[in-house]
Each structure stands twice: as C-alpha cells, then as structure tokens.
Amino acid sequence: MKKINLKEVKEKVKQAVQDANFIIDKDLKKLVQSCLPAEESPAGQEILNQILQNADIAFAEKLALCQDTGLAVFFVTMGEKLKLEYDGFKSLHDAISQGAREGYGEGYLRKSVCDPLSRKNSGDNTPVFIHWDVVAGDAFKITFMAKGGGAENMSALKMMPPSAGAQGIEDFVVDTVLKAGPNPCPPTIVGVGIGGNFETSALLAKKALLRQPVGSPHPEPLYADMEKRILERINKLGIGPMGLGGRTTSLAVHIVSHPCHIASFPVAVNLNCHSHRVVEIDF
Ligand code: SF4
C-alpha cells in the first residue's frame, strides 16, 4: 500500500508554486516561438518577443512571470487505498494549504485572495482551491495551476439547447474570445468544457487547461478537428498579442467532454492567459 507523507506534500507544493511562477512551461515557450514567423503585425511580433524575454528574466532573477500570481488552484487525484502519514498536519487539505502559503510567502509572490464583498485580503493567498478526484487503487497526483484574474474574468458558461450542435459550440467559444478582446492577456489558451451539468461543465473547461503538452490535440479526431477549426477562427479575429492586433490571439484550444442530460447541452469556456502556469507534482 502506497504511503504519502504530508510533510513531503507540503514541501513539494511549496516548490511547485514557485516553479510555476518563475519558470515558463517549456511547451508554452515552443508554442509562442512557433507563432512568431506567422505573426504579421509588428506590434504582435514585439509582444511575442517580450513574452519570451520576460520568461528569460523571470527564470534568471527568480521573479514572477506576471505580477498577478493568481489563485492557487489544485487538482488532486487520490486512490481510495492510499495511506496518509499526517506528520503533524490535520489533513491533506491542510498540508496543501501550508505549502501554498509558504510558497507564495517565501517566493514574494503577490497575495491575490480577498473577501468578495469587503475586499479584505487574506494576506497569505489562502484559501486554496482544491478539486478532488477519488479513484480506485493507490494513485496520487497533484497538479497546481496559478490562475490569474484577467483571464478568469473573461470565462463564460452557456446552457444551450441540444439542437445547437457542434456549430453552436464553435460559435459560442469564438464569440467568448471576441468579447474578451485584450482583457485575458492574449495569446490565450482556451479551455472548453462540453456536457456534464451546470457546475461540472465549468470544471471540465478548467481541467481542459491542464492538458500536457499544452497545444497537443485531443486524442479523438472528432474533437481534435473541432479544436483546430475553433483555433483557426479565433486567430482570424485580429485581436492579436495583448490585443494590439495580429493573428496570434490564441495558442491552443483544448476540449474536454462528458455525458449530459438528454434535455441539456452545457458548454463552458475557461480562458487562460499567456502566463499559463501549470505544474504536475509527482509522488
Ligand atoms: S491575465 Fe495572466 S498575464 Fe494577464 S495580468 Fe492576469 S495573470 Fe498576468
């Protein structure tokens, strides 16, 4: 039976929080580089080059890739047979929270969590946001995402009639990106959740952003073709890097789908900015 020590969890989370904020995802970097030759707009080219220069500086100086270091969002896959060694922590949630607290504190990363109404900052970037998947066996994996507010704010969900079909999905996703304009700090990654119910479609869209390598196609041709079609339409909108015009509005479209009610057709879009910070933590 696999044993997981919570002190080790705390340490690995602390490291992941800082790695995500200081080191650009290598596949994201390749995507940005691959878009440069096709970017016709001089301002767009300049922004893409600045994104790459910024990443080099962040890595060399241990500075955040963006001042908005995000909400700390975690996706935990946990086997039912897993044994936890608490080592002074009250719970796995407690260990993850403490890792995030120390990671944001010691890394001098901005604390972005506040009460929704009073706007009083919690001061340590907690509470963290954890999505749990309990599975058979003794699997254990944590994925961390630092999710900036600008891109999150431009996300959308629509309960469509089932008759809307594939065309309805594609139009809704493209329209969401068009309405978002420069606000999600393009070039973006577009997470699309299709199906499920009201609340799960939003989570599917967020989980779609976790796909690695970023920009890789959906394993099923039907969805891979849809991702390609949507990306082509988005990159004809002319929004461009940081909204300054050009063809590189999005770097990738990732879809995740799930069965839904016969009367329902939920579709959610969760946008992520060029500061796409996702780190998988292995145990
Ligand atoms: S949307 Fe992304 S790039 Fe823009 S400010 Fe927020 S974290 Fe930074």
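May I ask you to say which residue of P186, P182 is within 16 Å of the ligand (Cβ to nearest atom), open to solvent by 10 Å² or more (accessible area, probe 1.4 Å) and either in a loop (DSSP other than H, G, I, E, B) or in contact (Cβ under 8 Å) with a residue 24 or more places away in the chain (or both)?
Unique residue meeting the criteria: P182.
Scan segment 214-238 and report the pairs whose first residue is in contact (Cβ under 8 Å) with a residue 24 or more places away in the chain and among the hydrophobic types (A, V, I, L, M, F, W, C) and whose second residue is outside any helix (DSSP H, G or I) and open to solvent by 80 Å² or more (accessible area, probe 1.4 Å), with Cβ atoms within less than 9 Å and a gap of 6+ or a chain change.
Sorted first by the residue in segment 214-238, then by its partner, the pairs are L237/R247.
In this structure, is K158 part of a helix (DSSP H, G or I), open to solvent by 40 Å² or more (accessible area, probe 1.4 Å) and either at pLDDT 95 or above or within 16 Å of the ligand (Cβ to nearest atom) (or both)?
No.
If I go through segment 242-272 residue by residue, how many of them are in contact with a strand residue (DSSP E or B) (Cβ under 8 Å, 6 or more places away or on another chain), farther than 29 Å from M78 by Cβ and within 16 Å of the ligand (Cβ to nearest atom)?
Of the residues in segment 242-272, 3 are in contact with a strand residue (DSSP E or B) (Cβ under 8 Å, 6 or more places away or on another chain), farther than 29 Å from M78 by Cβ and within 16 Å of the ligand (Cβ to nearest atom).
Suppose we keep only residues that are touching a residue at least 60 places away in the same chain (Cβ under 8 Å) and not in a strand (DSSP E or B) within segment 125-139. Which one would you say is farthest from the ligand (Cβ to nearest atom)?
D138
What number goes with the only condition from (1) open to solvent by 10 Å² or more (accessible area, probe 1.4 Å); (2) within 16 Å of the ligand (Cβ to nearest atom) that G191 does not pass?
(1)
Scan (1) touching a Gly at 6+ places or on another chain (Cβ under 7 Å); (2) open to solvent by 10 Å² or more (accessible area, probe 1.4 Å) for the single condition S201 breaks and write down its number.
The single condition S201 does not satisfy is (2).
Got a sec? Which strands (runs of 3 or more DSSP E) wholly within segment 208-283 have at least 1 residues that are open to solvent by 60 Å² or more (accessible area, probe 1.4 Å)?
250-260, 277-282
Per-residue answers, yes or no, for (1) away from the ligand (no atom under 16 Å from the Cβ); (2) surrounded by 19 or more Cβ atoms within 10 Å (Cβ to Cβ); (3) of a type in the set (D, E):
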residue: E61; (1), (2), (3): yes, no, yes
residue: T77; (1), (2), (3): yes, no, no
residue: E80; (1), (2), (3): yes, no, yes
residue: I96; (1), (2), (3): yes, yes, no
residue: P116; (1), (2), (3): yes, no, no
residue: K141; (1), (2), (3): yes, no, no
residue: M145; (1), (2), (3): no, yes, no
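Return only the number of the condition from (1) at pLDDT 95 or above; (2) of a type in the set (A, V, I, L, M, F, W, C); (3) open to solvent by 70 Å² or more (accessible area, probe 1.4 Å) that I47 does not satisfy.
Single failed check for I47: (3).
Please name all residue pairs, on different chains or six or more residues apart, with Cβ atoms under 7 Å, provided the first residue is in segment 149-164 and is under 15 Å from V190 (Cα atoms) and of a type in the set (D, E) and the second residue is more than 9 Å from the ligand (Cβ to nearest atom) and modelled with pLDDT under 95.
Partner pairs satisfying both residue conditions: none exist.
What number of residues in segment 124-139 are open to solvent by less than 50 Å² (accessible area, probe 1.4 Å) and more than 18 Å from K83 (Cβ to Cβ)?
Total satisfying the criteria: 5.
Checking E280 against (1) at pLDDT 95 or above; (2) more than 24 Å from D56 (Cβ to Cβ); (3) among the acidic types (D, E): exactly one of these is not met. Which one?
If we test E280 against (1) at pLDDT 95 or above; (2) more than 24 Å from D56 (Cβ to Cβ); (3) among the acidic types (D, E), just (2) comes out false.
Take the residues in segment 78-124 that are in a loop (DSSP other than H, G, I, E, B) and aliphatic (A, V, I, L, M), then tell me which one is nearest to N21 (Cα to Cα).
The residue in question is L109.
Just checking, which of G88, G149 is within 30 Å of V269 (Cβ to Cβ) and surrounded by fewer than 16 Cβ atoms within 10 Å (Cβ to Cβ)?
The match here is G149.
The values are calculated or read from the model by the stated rules, or taken from the named source; none is laboratory data. Everything numeric here is computed off the predicted structure, so don't read it as measured data. Cβ sites come from the backbone with ideal geometry, for glycine too, and all protein chains shown count toward neighbours. With ligands, DNA and RNA removed, areas are computed over all heavy atoms of the protein, side chains included. Shrake-Rupley method; radii C 1.70, N 1.55, O 1.52, S 1.80 Å.
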